[in-house]
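The structure appears below as structure tokens.
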Amino acid sequence: MRLLAALLLFPLLAQAGSYFTVEYPASDKPGELVYGVTYTLWVPEGVEKIRGVIVHQHGCGAGACKGGETAAYDLHWQALAEKHDCALMGPSYHQADGQDCRQWCDPRNGSEKTFLRSLEDFAKQSKHPELTQVPWALWGHSGGGFWSSLMLALHPERIAAIWFRSGSAYHVWERGDIPRPELTDAVYQVPLCFNGGLKEEQDKRHGPARVGDRAMFAAWRAKNAPAAFARDPRTGHECGDSRYLAIPFLDACLAMRLPEKGHALRPVKVGDGWLSEMDSMEAQPAGQYEGPKESSAWMPNEKLVGDRAEYMETGAVGDNTPPPAPTNVTLKDGVISWEAKADLESGLQQFIIQRDGKEIGRVPEKGVSKFGRPLFQRMTYGDTPEKPLAEMTFSDKTPAADAKAYLVIAINSVGLSSE
């Protein structure tokens, strides 16, 4: 094991909260992980007791694994973690293209043990011993969803909720390609949401897996599990703007399930939620729904019903509230720097820099994005920030000797301005 200096890797992002990193080498011992892996953990500033860990798990292949390196530095996911006094974890497996992804995305092949070991080591590093006991909220893309579904079978009592973006292992274990896990009653008590792209349902590579996701959804709903379903109308296998529904869903589940004391998760009252036909935008209170149970999609509250309907129509979710204002604006040698937290609903798109009330620049200068809305931290295919990570700095190239004030204004991803 190596303890890495995460703050030295990304010094300008060390302004709020603490980063910890552990790295484990590949093992040739039976039952242990055959690939190396690096875990990065972010802990919010000032948190006394961590209440849970949000795990942002990448998919298969070298590109996805590299993308996972920045997951814990994502300001939007940090906003969710901070709200609930949770840590944010970003694993990054050292898998090369052409190597067998199931050697890590099936946790029974060693990644479960390594994940649990990382929590023990992070507990020591961060001086938060509760990390070895607190619940987890899992987000998984593709192979990360595969991993999350098997972790559900192994540790249902630890999992507050799961967001499956284009992936689960259900269809693979049902056809006998991997050992079928033992499914206890507890696996049907965990809130889940299945989310895939319309375009990938129609391609040869990913289409069969999406049929498998629908089958897992139906099997869970037949047991009256709190399982949601939201198809993305705009995307293929890439994550697009799914975070604008994933974050509110996990937010609601964490609020509903995290305990005030101890570590045991609170139960889900499925009957207090809302139900709709899985591909329909219309929903009713669960007690009034009369359709087939196995094809009915659950949502925990009425607001998320509206968010889901908007997402299924547009591929994103709107926001009518401004982002938090930046803080700690400083000027040194013509360079303005600041700190800012992301808008929980819609993240951060850009910053406007003013000198004496007049705009002198924007960071970034232009909003560009290959995947989803333009953001301050440009997104990858797998919903993680691109490298190099964006910095909250601006150089005033035409300084005025008599300047009285510099102001920084945050813009969220729907274009609303902070104070």
Just checking, does the range 231-249 include any residue being touching a Pro at 6+ places or on another chain (Cβ under 9 Å), of a type in the set (Phe, Trp, Tyr) and surrounded by fewer than 23 Cβ atoms within 10 Å (Cβ to Cβ)?
no
Can you name the residue in the range 91-115 that is assigned to a loop (DSSP other than H, G, I, E, B) and open to solvent by 60 Å² or more (accessible area, probe 1.4 Å) and is also nearest to Arg51 (Cα to Cα) among such residues?
His94
From Gly61, Gly98, Gly68, which residue is farther than 19 Å from Ile159 by Cβ and within 13 Å of the chain's Cα centre (by Cα)?
Gly68
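Would you pick out the residues in the range 116-126 that are without any contact (Cβ under 8 Å) to a residue 60 or more places away in the chain and either more than 20 Å from Gly262 (Cβ to Cβ) or open to solvent by less than 20 Å² (accessible area, probe 1.4 Å) (or both)? Reasoning before the result, please.
Here is the first cut: in the range 116-126, the ones without any contact (Cβ under 8 Å) to a residue 60 or more places away in the chain are 116, 120, 123-124.
Residues satisfying the conditions are Ala123, Lys124.
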For the range 138-180, name all the residues that are among the β-branched types (Val, Ile, Thr) and either surrounded by fewer than 24 Cβ atoms within 10 Å (Cβ to Cβ) or within 16 Å of Gly196 (Cβ to Cβ) (or both).
Ile162, Val172, Ile178
Quick test of your reading of the structure: Asp272 fulfils all but one of (1) open to solvent by 10 Å² or more (accessible area, probe 1.4 Å); (2) closer than 18 Å to His76 by Cβ. Name the failing condition by number.
(2)
Residue, surrounded by the most Cβ atoms within 10 Å (Cβ to Cβ), within the range 342-388, restricted to residues that are of a type in the set (D, E, K, R) and within 28 Å of Gly144 (Cα to Cα)
Asp383
Scan the range 192-204 and report the pairs whose first residue is part of a strand (DSSP E or B) and whose second residue is among the β-branched types (Val, Ile, Thr), with Cβ atoms within less than 7 Å and a gap of 6+ or a chain change.
Leu192/Ile162; Gly197/Thr235
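I'm trying to understand the selection: among the residues of the range 389-414, which are of a type in the set (Gly, Ala, Ser) and open to solvent by 40 Å² or more (accessible area, probe 1.4 Å)?
Result: Ser395, Ala401, Ala405.
One line per residue, one yes/no per condition, for (1) crowded, with 17+ Cβ neighbours inside 10 Å; (2) under 21 Å from the mean Cα position of the chain (by Cα):
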residue: Ser296; (1), (2): yes, no
residue: Asp307; (1), (2): yes, yes
residue: Tyr311; (1), (2): yes, yes
residue: Thr314; (1), (2): no, yes
residue: Asp319; (1), (2): yes, yes
residue: Ala325; (1), (2): no, no
residue: Thr330; (1), (2): no, no
In the range 116-149, what residues are more than 28 Å from Tyr188 (Cβ to Cβ) and in a loop (DSSP other than H, G, I, E, B)?
Lys127, His128
Flagged in the range 1-35 as part of a loop (DSSP other than H, G, I, E, B), crowded, with 17+ Cβ neighbours inside 10 Å and modelled with pLDDT under 60, in numbering order, are Phe10
Please go through (1) part of a loop (DSSP other than H, G, I, E, B); (2) closer than 25 Å to Gly372 by Cβ; (3) open to solvent by less than 20 Å² (accessible area, probe 1.4 Å) for Asp279 and return the number of the only condition it doesn't satisfy.
(3)
Inspect all residues belonging to the range 214-225 and state whether any of them is farther than 25 Å from Val270 by Cα, assigned to a loop (DSSP other than H, G, I, E, B) and in contact with a strand residue (DSSP E or B) (Cβ under 9 Å, 6 or more places away or on another chain).
no
Residue count for the range 388-419, restricted to those that are among the basic types (Lys, Arg) and either at pLDDT 95 or above or under 12 Å from Phe351 (Cα atoms) (or both):
0
Those residues of the range 45-58 which are open to solvent by less than 10 Å² (accessible area, probe 1.4 Å) and more than 12 Å from the chain's Cα centre (by Cα), in sequence order:
Ile50, Gly52
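The values are calculated or read from the model by the stated rules, or taken from the named source; none is laboratory data. The model shown is predicted, which means the values in this text are computed figures rather than measured ones. Neighbour counts run over all protein chains shown; Cβ positions are idealised from the backbone, glycine included. For the accessible areas, the whole protein counts, side chains as well, though only heavy atoms, and no ligand, DNA or RNA atoms are used. Shrake-Rupley method; radii C 1.70, N 1.55, O 1.52, S 1.80 Å.
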